[in-house]
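Everything below concerns the one structure shown next.
Every number in this text was worked out from the coordinates using simple rules, so none of it is lab data. This structure is a prediction, so every number in the text was calculated from the model and none was measured.
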């Protein structure tokens, strides 16, 4: 069994507010229904802004706007100058959640006809 990828904690040094970045099945389902694909982040760096925003929704929905997360991302150095490992971890968190949608090996239920 692989180790669970832990959420990212992002602290606003001005306010002391700590944000926990992660994904849920609900968030992954909603964003994919809207046309988002995590593989697009490699082809279209502007999609990284969307991925960053979506990572707030699991724990901070209604607290932050897309505009606010864009400002935070810019404060971190912008899309092309993110702290090392941040994008990789966001993608790992997203994929980890996505995998729970398609992983059947952990089923506790048996269907018999």
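Say we join alpha carbon atoms closer than 10 Å with springs in a Gaussian network model of the chain; which of 68, 17, 88 then has the biggest fluctuation? Checking each option, the largest mean-square fluctuation is seen for 17.
Relative to the longest principal axis of the Cα atoms of the chain, the long axis of helix 86-102 makes an angle of roughly 20 degrees. Taking the longest Cα principal axis of the chain as reference, the axis of helix 66-75 is set at about 60 degrees. Relative to one another, the C-alpha centroids of the stretch 30-57 and the stretch 62-96 are positioned 10 Å apart. Dimensions of the chain based on its C-alpha atoms, expressed as ranges along the principal axes with the largest first, amount to 58, 32, 27 Å. Angle of helix 47-60 to the longest C-alpha principal axis of the chain, folded into 0 to 90 degrees and rounded to 10: 70°. Result for the chain in a Gaussian network model with C-alpha springs under 10 Å: among 13, 59, 81, the largest mean-square fluctuation is at 13. Highest GNM mean-square fluctuation among 12, 22, 70, for the chain modelled with Cα contacts below 10 Å: 12.
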